[in-house]
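Enquirer: Structure incoming, see below.
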Amino acid sequence: MDEFNGEGLSRADVGRQGEEEAAQYLRARGWTLLARNFRWRRNEVDIIASKGRILAFVEVKCRRSHRYGHPLEAITRMKQQEVTRVARGWLQKNPLPPGTLLRFDAIGVSWRKGSRVEVLHVPDAWRLGR
């Protein structure tokens, strides 16, 4: 899907395509996807993935261009808190095995006109808040 540029698609379609790019990116690097678009109450996390002893809650943001900034800039403090709440909910139903490292990752997906997809993965982008 390297030639996709997002033109002519709705924001929701661009978001879905970006999440698919992020999922493919993670799988290609040895991650196992445990859940996608997991909802807890009114909040959602895009991807829950594991690799070895690491369990990551991954927020994905997508942009058709950098006209309004890099997609990762859209992961605000409020969004981080929402993902943290979802993580707590998921962990209530899925206790961690001893030795599991929990982290919050961010992935920015963007398409620049006439260019290939750009995926930027930021491991451990923020820490668990209260």
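Enquirer: Which one is nearest to residue 19 (Cα to Cα), of the residues in segment 121-130 that are modelled with pLDDT under 95 and of a type in the set (A, V, I, L, M, F, W, C)?
Expert: Our first condition is that a residue be modelled with pLDDT under 95; within segment 121-130, this holds for 126-130.
Then keep just the ones that are of a type in the set (A, V, I, L, M, F, W, C); that gives 126, 128.
Working: 126: 19, 128: 23 Å.
Residue satisfying both the conditions and the ranking: 126.
Enquirer: With respect to residue 119, determine if the residue is part of a strand (DSSP E or B), touching a Cys at 6+ places or on another chain (Cβ under 7 Å) and touching a residue at least 40 places away in the same chain (Cβ under 8 Å).
Expert: No, not satisfied.
Enquirer: Which condition from (1) among the hydroxyl-bearing types (Ser, Thr, Tyr); (2) open to solvent by 30 Å² or more (accessible area, probe 1.4 Å); (3) in contact with a strand residue (DSSP E or B) (Cβ under 9 Å, 6 or more places away or on another chain); (4) under 20 Å from residue 13 (Cβ atoms) is the one that residue 100 breaks?
Expert: Condition not satisfied by residue 100: (4).
Enquirer: Looking at segment 30-63 only, could you name the residues that are in contact with a strand residue (DSSP E or B) (Cβ under 9 Å, 6 or more places away or on another chain) and without any contact (Cβ under 8 Å) to a residue 12 or more places away in the chain? Walk me through it before giving the result.
Expert: Here is the first cut: in segment 30-63, the ones in contact with a strand residue (DSSP E or B) (Cβ under 9 Å, 6 or more places away or on another chain) are 30-39, 44-63.
Once the filter is applied, which keeps residues that are in contact with a strand residue (DSSP E or B) (Cβ under 9 Å, 6 or more places away or on another chain) and without any contact (Cβ under 8 Å) to a residue 12 or more places away in the chain, segment 30-63 yields only 52.
Enquirer: Out of all the residues in segment 51-70, which are within 13 Å of residue 125 (Cα to Cα) and small (Gly, Ala, Ser)?
Expert: Once the filter is applied, which keeps residues that are within 13 Å of residue 125 (Cα to Cα) and small (Gly, Ala, Ser), segment 51-70 yields only 56.
Enquirer: Select, from 69, 52, the only residue that is surrounded by fewer than 17 Cβ atoms within 10 Å (Cβ to Cβ), within 13 Å of residue 108 (Cα to Cα) and not charged (D, E, K, R). Before the answer, list the steps.
Expert: Values: 52 fails: within 13 Å of residue 108 (Cα to Cα).
69 is the lone residue from the list that is surrounded by fewer than 17 Cβ atoms within 10 Å (Cβ to Cβ), within 13 Å of residue 108 (Cα to Cα) and not charged (D, E, K, R).
Enquirer: Restricting attention to segment 86-105, does a residue exist that is of a type outside the set (Phe, Trp, Tyr), within 11 Å of the chain's Cα centre (by Cα) and at pLDDT 95 or above? I'd like the intermediate steps shown before the answer.
Expert: Just the residues of segment 86-105 that are of a type outside the set (Phe, Trp, Tyr), to begin with: 86-89, 91-103, 105.
Going one step further and asking which of them are within 11 Å of the chain's Cα centre (by Cα), we end up with 105.
With the extra rule that they be at pLDDT 95 or above, the set shrinks to 105.
There is at least one residue in segment 86-105 that is of a type outside the set (Phe, Trp, Tyr), within 11 Å of the chain's Cα centre (by Cα) and at pLDDT 95 or above.
Enquirer: Let me ask another. One residue is enough: does segment 55-74 have a residue meeting the conditions in contact with a Ser or Thr (Cβ under 8 Å, 6 or more places away or on another chain), modelled with pLDDT under 95 and hydrophobic (A, V, I, L, M, F, W, C)?
Expert: Yes, segment 55-74 has at least one match.
The values are calculated or read from the model by the stated rules, or taken from the named source; none is laboratory data. As the structure is a computational prediction, the values presented were derived from the model and not from experiment. Here Cβ is always computed from backbone atoms with ideal geometry, including for glycine, and neighbour counts include all displayed protein chains. In case anyone asks, the SASA skips ligands and DNA or RNA and just uses the protein heavy atoms, side chains included. Shrake-Rupley method; radii C 1.70, N 1.55, O 1.52, S 1.80 Å.
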